[in-house]
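A quick write-up on the structure given underneath.
The values are calculated or read from the model by the stated rules, or taken from the named source; none is laboratory data. Since we're looking at a predicted model, the values are computed, not measured. Positions of Cβ are backbone-derived with ideal geometry, glycine not excepted, and every protein chain shown enters the neighbour counts. Accessible surface areas use protein heavy atoms only, side chains included; no ligands, DNA or RNA. Shrake-Rupley method; radii C 1.70, N 1.55, O 1.52, S 1.80 Å.
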Amino acid sequence: MYAVLAGGVGASRFLQGLVQVVDPTEVTIISNTADDVEMFGLHVSPDTDIVIYALAGAVNPETGWGLAGDTFAVVDQLQRFGYPRWFNLGDRDLAMAIHRTRLLREGVPMHEIVQELARAWDLEVHMLPMTDTPVRTRILGPEGEIPFQEYMVRMRTGVEVRGVEFEGAEQAQPAPGVLEALAEAKAVIIAPSNPFVSIGPILAVPGIREVLEQTQATRIAISPIIAGEVVKGPAGKMLASLGHDVSAVGVARIYRGLVDVMIIDEQDRALAPEIEALGMRCIVTDTIMSDDGKKAALARVTVEASEGGHA
Ligand code: GDP
């Protein structure tokens, strides 16, 4: 079984490749729920939904999030009642939020909800939230704390990040099945996701980091940074403002002790010795997942790396 720690867009592209090269029933996704948000009275789980839509072949290919061909009539109309318009929740996307919210109100735990949603989209993978309880990412900006979606969507990441906090993480417990998946997996894969706000919250749930340190699984991370740049999103700016190298080496240092194999892009080949000096095996390949073939090729390299065993 392959356990994948997953954020949103970067993770979903990788997972689209993984399910082409291994049996999807052999894939357990551990999804970041710390950027969940309450909007219009509804519970929205952006990262979980991006992954579900991507694996269902329904994601908007232009944005990497939301549903292809969705419209925004409801959020447009909600402005009449004074709701803010900055959060783009499509009309069809809303159906997911409505159903999730109803189940939460009925007391259904998040791990059952996520599995039900994934099944409703005919996914064969196992999908788990990192925890059943609320954890919320807050960005520490120059003028104080900012809820994550405000930073990401309303402010379009245009604020210096001085710190990242995960409210509720200390009291959280891993969702049922998460620790077992990490302990029993043949490979634990850290998707090419934002290390601070996608993977960071998962690792902040007590118990997860410890099991990752001890598991017999081969632990593999794919760098989301290529040639000193992100493909998309604020990970580069965060690496810089939080005092890290904006490079695959900077990412590898963050994951030191947690990964056996680091996969970096061809463009970063020269960095391989520095990464190996951190005590990891470094694999160099094309990591730009611009089409299905490239997604599958990266997944194949990752699966092959898992044959190598624990360092
Ligand atoms: P978010 O929660 O939607 O921001 O998504 P993630 O945290 O899963 O992914 C964001 C990261 O994915 C960014 O840092 C991107 O650089 C990275 N990413 C997106 N597409 C690719 C790709 O094709 N290759 C690699 N290596 N990284 C990618």
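Key figures for this structure:
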{"quantity": "Test result for Val22, away from the ligand (no atom under 16 Å from the Cβ) and in contact with a helix residue (DSSP H, G or I) (Cβ under 7 Å, 6 or more places away or on another chain)", "calculated": "yes"}
{"quantity": "Residues of the stretch 207-248 classified as within 24 Å of Gln171 (Cβ to Cβ), more than 18 Å from the chain's Cα centre (by Cα) and either open to solvent by 50 Å² or more (accessible area, probe 1.4 Å) or within 9 Å of the ligand (Cβ to nearest atom) (or both), total", "calculated": "3"}
{"quantity": "Flag for Arg105 being open to solvent by 10 Å² or more (accessible area, probe 1.4 Å), basic (Lys, Arg) and away from the ligand (no atom under 16 Å from the Cβ)", "calculated": "yes"}
{"quantity": "Strands (runs of 3 or more DSSP E) wholly inside the stretch 8-67 that include at least 1 residues being over 15 Å from the mean Cα position of the chain (by Cα) and of a type outside the set (A, V, I, L, M)", "calculated": "37-39, 42-44"}
{"quantity": "Cross-chain or 6+ apart pairs with Cβ under 9 Å, the stretch 284-309 first and free of Cβ contacts under 8 Å to residues at least 60 places away in the same chain, then among the acidic types (Asp, Glu)", "calculated": "Val284/Asp265; Val284/Glu266; Val284/Asp268; Thr285/Asp265; Thr285/Glu266; Asp286/Asp265; Asp286/Glu266; Val301/Asp286"}
{"quantity": "Some residue of the stretch 282-296 being closer than 22 Å to Ala183 by Cα and open to solvent by less than 70 Å² (accessible area, probe 1.4 Å)", "calculated": "no"}
{"quantity": "Residue check for Leu258: open to solvent by 40 Å² or more (accessible area, probe 1.4 Å) and under 23 Å from Leu203 (Cβ atoms)", "calculated": "no"}
{"quantity": "Residue within the stretch 65-79 that is free of Cβ contacts under 8 Å to residues at least 60 places away in the same chain and within 12 Å of the ligand (Cβ to nearest atom) present", "calculated": "yes"}
